[in-house]
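Okay, structure first, notes after.
The values are calculated or read from the model by the stated rules, or taken from the named source; none is laboratory data. Everything quoted here is computed from the prediction, not taken from an experiment. Every residue, glycine as well, gets a Cβ built from its backbone with ideal geometry; the counts of neighbours run over all protein chains shown.
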Amino acid sequence: METKLKRKTNYNLRATMISGVVVGLALIILAYLVGPGHDQYPITYIICISGYILGWIVAIISTPMNEIDKDKIGRFTGLVGSFLSGYLLSKLDKVIEEILNPDQIFTYLIGARVLLFICCFGITFILVFYYRQYKWKVAEKG
């Protein structure tokens, strides 16, 4: 019974990884197609990479591997949370307000970049979270 569960989990992991790679490649192609000119590609790719990195960080924080990891991550997130909620958020308020301005957000380039960021964040979060949550749990059990 446990071998069947392990086999099913391995299949689910492979299916998740393959679909993640396909979606990731599609996002890279879309990022290339979004820009009106070659000078716009680097910023679009930086926005995508930022989404990937932020998704990775949030997924790692969301899935501690053991109690020691949980304790260290808890202290780290408390420290970062204090910094983000206080100083950084007050400084970034105007930037966020400008990015999410209804007159600007629905323009082709800005809207596409926001959606690319959200998609890159989401796909990375799903892949890292799923792998950390289920791959290691199955490996620990046998």
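Annotations for the structure displayed:
- ARG113 being under 21 Å from the mean Cα position of the chain (by Cα), under 23 Å from ASN12 (Cβ atoms) and among the charged types (D, E, K, R): no
- Counted as qualifying within segment 53-142 are no helices (runs of 4 or more DSSP H), as none has 3 or more residues that are within 29 Å of ILE29 (Cα to Cα) and acidic (Asp, Glu).
- Evaluation of PRO42 against (1) in a helix (DSSP H, G or I); (2) at pLDDT 75 or above; (3) surrounded by 11 or more Cβ atoms within 10 Å (Cβ to Cβ) (one fails), failing number: (3)
- Total residues in segment 59-79 satisfying the condition of being at pLDDT 75 or above and over 14 Å from VAL128 (Cβ atoms): the figure is 11.
- Any hit, segment 96-117, residues being among the aromatic types (Phe, Trp, Tyr) and under 18 Å from ILE49 (Cα atoms): yes
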